[in-house]
1. Go through segment 296-339 and give me each residue that's at pLDDT 90 or above, of a type in the set (Gly, Ala, Ser) and either part of a loop (DSSP other than H, G, I, E, B) or within 30 Å of the chain's Cα centre (by Cα) (or both).
2. Taking the criterion of being open to solvent by less than 20 Å² (accessible area, probe 1.4 Å), assigned to a strand (DSSP E or B) and either closer than 23 Å to residue 91 by Cα or at pLDDT below 90 (or both), would at least one residue in segment 146-161 satisfy it?
3. Suppose the filter is free of Cβ contacts under 8 Å to residues at least 24 places away in the same chain, touching a Ser or Thr at 6+ places or on another chain (Cβ under 8 Å) and not in a loop (DSSP other than H, G, I, E, B); does residue 108 pass it?
4. Note down all Cβ pairs under 6 Å where the first residue falls in segment 216-230 and is free of Cβ contacts under 8 Å to residues at least 60 places away in the same chain and within 16 Å of residue 240 (Cβ to Cβ), the second is open to solvent by less than 20 Å² (accessible area, probe 1.4 Å) and among the small types (Gly, Ala, Ser), and they're at least six residues apart or on different chains.
5. I need a count of the residues in segment 257-295 that are hydrophobic (A, V, I, L, M, F, W, C), assigned to a loop (DSSP other than H, G, I, E, B) and modelled with pLDDT under 80.
6. Check every one of the helices (runs of 4 or more DSSP H) wholly within segment 184-256 and list those with 3 or more residues that are within 40 Å of the chain's Cα centre (by Cα) and at positive phi.
7. Inside segment 379-471, counting only helices (runs of 4 or more DSSP H) that do not spill past its ends, which hold 1 or more residues that are modelled with pLDDT under 80, polar (S, T, N, Q) and surrounded by fewer than 18 Cβ atoms within 10 Å (Cβ to Cβ)?
8. In segment 805-826, how many are open to solvent by less than 50 Å² (accessible area, probe 1.4 Å) and either in a helix (DSSP H, G or I) or of a type in the set (A, V, I, L, M) (or both)?
Amino acid sequence: MPLDTKTTDQKILRFQVAGLNCAGCVGRSERAMAGVKGVETAAVNLATGQATVHYSAPATPPEIHQATADAGYPAQTETIMLDVQGATCATCVGRIETALNGVDGVSESAMNLANGRATVTVFTGVADRADLVRAVEGAGYSVDQASASGDAPNPVDRHAADAARLRLSLIIAGLLTLPVFVAEMGGHFFPAIHHYIAQTIGLQTSHILQFILTSIVLAGPGRVFFAKGIPALIRRGPDMNSLVALGSFAAWGYSTVTTFAPGVLPEGSQNVYFESAAMIVTLILLGRYLEARAKGRTGDAIRGLLSLTPDDAWVERDGKVIEIPVDQVREGDTLHLKPGARLAVDGVVLSGQSYVDESMITGEPIPVDKTTGAAVVGGTINGTGALTYRATAVGRDTMLARIVTMVEEAQGAKLPIQGLVDKITAWFVPAVLGLSALTILGWLVFGPDPALSFALVAGVAVLIIACPCAMGLATPTSIMVGTGRAAELGVLFRRGDALQSLQNVGVVALDKTGTLTAGHPELTDIVMADGWDEAQVLPVLAAVENQSEHPIARAITTAATSRGMKLPKVEEFKSLTGNGVRAVVDGRAVLIGADRLMDAEGIALGDLAQAGAGLGKAGKTPLYAAIDGQVVCAIAVSDPIKPTTKAAIDALHAMGIKVAMLTGDNTATANAIAGQLGIDHVQAEVLPKGKAEAISALRVDGKGIAFVGDGINDAPALAGADVGLAVGTGTDIAIEAADVVLMSGDLRGVVNAFEISRRTMTNIRQNLFWAFGYNVVLIPVAMGALYPLFGVLLSPTLAAGAMAMSSVFVVMNALRLRFVKPVVEVNT
């Protein structure tokens, strides 16, 4: 929570507020917070943006934050990422999140066990990175030095380093454990080994040698379990390391007593289990090594994206073209691009012509023609031509860097389905400790002789076989691989929880212009009223529309300029959002817009109404123009439907999803397009401000709504839908409001987003079923459930092997998502 201090029963809350522009904003924010029951005073400083609130019960900081946010002035937040070291299981995740959430100024935190990264949202100016690092270290974990200083280490490199370290520990442990295992267990398979040892060095000497080797294993490669597990146990927060430390130490300690003080133990129970202690450590190190290698592969998508940027670039400096490291390129630099080379940064072409392969960014394999003025993206591959371009975005501001950031943030998300796991893991390890103690007691009371030996074996097996690791990895590994694969298919999940939200979507609502259509309308027809001439009217209309950025306006302007018409001067231009435009040209009032605008202005359409209706039935967008209150013409603009739109809608129908179209076009035009595409529901003549309400009206049977759009006026609808999908070729405002970004303008990306969501959630459920089912089935077996029927008691060694492989299974299952195929290929 933000800074929260007490003065007797009163508390003081301080935080930064966004969106303050004037004294009126300050007043509204203060009134909103003062309206929360329990708030005594609320003051906002416009100069600093800081809110200071004095409050007492029943008011709470979340209620105060929500009150000012609802008034339109949310608390300022920022996201800090920390690479945490030492987290090995779901219990560790819960402990780290609890420590971070306890820091003043933390809004929320999510720890990802798969990549070891904690994503923390803090209130600006209240908590900083150093506060978070101290909290993590106070919980018994460490933070990567580069991460602690604010740099961004490569998680893939860290997994490789972990794997290398674990590999060395595993080799040492394996070499030391092998003779212990052969000496103790070899005799069970080959009695001659047991007789040979007894006749040569003797069993007591064998046990002493096993003691030495096992002690080295526990003190060397196995030290990590004790260094982390015992302090966690002392803090009353046991984790996976605690279970391994207790289990291996119990086996080693019992065996040590048997070796050096056998008289302390009851007759018949003087057995040694050095091989179990050593094998527990070795097999769990093996599991963690395989897990680290597999985790590294979950980051293949990030690795692939990072590798797209070249190391060097050719830049003009002091009149010369020199080669410099790409991180030294600055915005505004002029770069030279050779044929076949990768673009170093984003930019605008200054000269030259070439085809550029942008498939690694958009998923579209057809190279794009680039000439002077065209935008180019860093990481894409130049064709056979040479280009000179000016850098417009470098470093973390490039599209590639922003894509990597979006993917990483999505991978760090915590889905709602994870809530059940968090609740269970909070008590899982303490419950296992209790079951282990209960098992030992049960065998001592009811077990056959030697009861102590049976009790030790069963108790240790329970400690070792329990696996919170698999539960902790079940969700984040699938999210990492799924969102990574989605990025490769040109689908970016800005919010990771959209993966789950898409599963409840029953209707996909689509904006028409730029989403269903190409977004490049053309003027196809102009029907003049009696007494008016096209050559006289079109330049006037084009001059007015030239003041607008709307695609239809550009179509009208282009039609006039392409014919060489001179555009007159325009005055008093005004955009009538969702209806049309008005202006004054040469002293005459000009009005251009839909039929509803003409009706609102009291302008009769006459015979042009029938002409416009016919154009609408043909799937064209009819508009009307009036000069000085008299209708002068009907205009038809046609925006060609994207060739892939029909296939995408058919694929959505095959998934059981209904499709709706929201458009400002008149009903006839909208129905004509819907008929061509097989759209289920049409809402025509919808104003931009009405799209959000239109989306709410589409809700049926409790199913969610997804909205796909690309324009500035789509932002409210994107934010208001359960899942907003923005076409990446659209505006930055639309993209910022969306949950999912489709890098290409191809609607089949929507289908692929649903497929990735379905496959990822299925994968998560499989992992959770395995993680929970494994523990539910095997913990009773370790306790001795099979002994009364079959005389079988699970060995701690087998328990260690099963536990080690359970986590590997979860990660390997998640890796199958790397091979998800698109439902419909994009531009193949």
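1. 332
2. So far as segment 146-161 goes, no, none of its residues is open to solvent by less than 20 Å² (accessible area, probe 1.4 Å), assigned to a strand (DSSP E or B) and either closer than 23 Å to residue 91 by Cα or at pLDDT below 90 (or both).
3. yes
4. Listed pairs, sorted by first residue: 225/245; 226/245; 229/242; 229/245; 230/245.
5. We begin by selecting, within segment 257-295, every residue hydrophobic (A, V, I, L, M, F, W, C); these are 257, 260-261, 264-265, 272, 274, 277-281, 283-286, 290, 292, 294.
Filter once more, so that each one left must be assigned to a loop (DSSP other than H, G, I, E, B): 261, 265, 272.
Subset that is modelled with pLDDT under 80: 265.
The qualifying residues number 1.
6. Of the helices (runs of 4 or more DSSP H) lying wholly inside segment 184-256, none has at least 3 residues that are within 40 Å of the chain's Cα centre (by Cα) and at positive phi.
7. On the way: elements: 399-411, 418-446, 451-465.
In segment 379-471, 399-411 are the helices (runs of 4 or more DSSP H) which contain 1 or more residues that are modelled with pLDDT under 80, polar (S, T, N, Q) and surrounded by fewer than 18 Cβ atoms within 10 Å (Cβ to Cβ).
8. Initially, segment 805-826 is screened for residues open to solvent by less than 50 Å² (accessible area, probe 1.4 Å), giving 806-808, 810-811, 813-815, 817, 820, 822, 824, 826.
Subset that is either in a helix (DSSP H, G or I) or of a type in the set (A, V, I, L, M) (or both): 806-808, 810-811, 813-815, 817, 820, 824, 826.
Counting residues in segment 805-826 that are open to solvent by less than 50 Å² (accessible area, probe 1.4 Å) and either in a helix (DSSP H, G or I) or of a type in the set (A, V, I, L, M) (or both) gives 12.
The values are calculated or read from the model by the stated rules, or taken from the named source; none is laboratory data. Source: prediction; values computed, not measured. Cβ sites come from the backbone with ideal geometry, for glycine too, and all protein chains shown count toward neighbours. Please note that ligands, DNA and RNA were not included when accessible areas were found on the heavy atoms of the full protein model with its side chains. Shrake-Rupley method; radii C 1.70, N 1.55, O 1.52, S 1.80 Å.
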